[in-house]
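Scroll down for the structure; my scribbles are underneath it.
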Amino acid sequence: MERDKYKNLRYQLMESETWPLEYMFKFITPNKDGNVEQIKALLPEHGKISYKHTSNLTHVAITCVATMQNADEIVEVTEKVGQIEGVIVL
């Protein structure tokens with residue numbers, strides 16, 4: 001079941017954090033098929049997003065720092081982005 005994939009993340013967030021908190025999302029994606037735009041659309045609107053390309057421009061590392069209200073919000077974003085083909089969730 002796909003939700004189980006992020007159960008540990010949810011548990012760790014719920015155990016160790018006070019809310020709201022500033023959370024850093026990190027993803028690596030192939031630089032093709034509009035992946036960067038798809039990920040950007042799923043990230044929190046209020047987040048600060050930065051990009052770093054590999055030297056040959058084949059992949060992009062995307063970092064987003066945003067204030068999140070609870071663990072479920074973080075897991076929801078992570079799950080949605082993780083469904084995009086080729087994306088690595090860090």
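Checking GLU79, GLU73, GLU15 one by one, the residue that is out of contact with any Gly (no Cβ under 9 Å at 6 or more places or on another chain) and surrounded by fewer than 16 Cβ atoms within 10 Å (Cβ to Cβ) is GLU15 and no other.
Cβ-Cβ distances below 8 Å connect the following pairs, each with a first residue in segment 26-40 that is under 18 Å from ASN56 (Cα atoms), a second residue that is in a helix (DSSP H, G or I), and a separation of six or more residues or different chains: PHE27/ILE39; PHE27/VAL81; THR29/ASN35; THR29/VAL36; THR29/ILE39.
Scanning segment 40-85 for residues that are more than 14 Å from GLU22 (Cα to Cα) and touching a Cys at 6+ places or on another chain (Cβ under 7 Å) yields nothing.
Summed over segment 5-30, residues that are at pLDDT 95 or above and either touching a helix residue (DSSP H, G or I) at 6+ places or on another chain (Cβ under 6 Å) or not charged (D, E, K, R) (or both) total 7.
Annotation: ASN70 fulfils all but one of (1) modelled with pLDDT of 95 or more; (2) touching a Phe, Trp or Tyr at 6+ places or on another chain (Cβ under 7 Å); the unmet one is (1).
The values are calculated or read from the model by the stated rules, or taken from the named source; none is laboratory data. This structure is a prediction, so every number in the text was calculated from the model and none was measured. Virtual Cβ from ideal backbone geometry, glycine too; neighbours counted across all protein chains shown.
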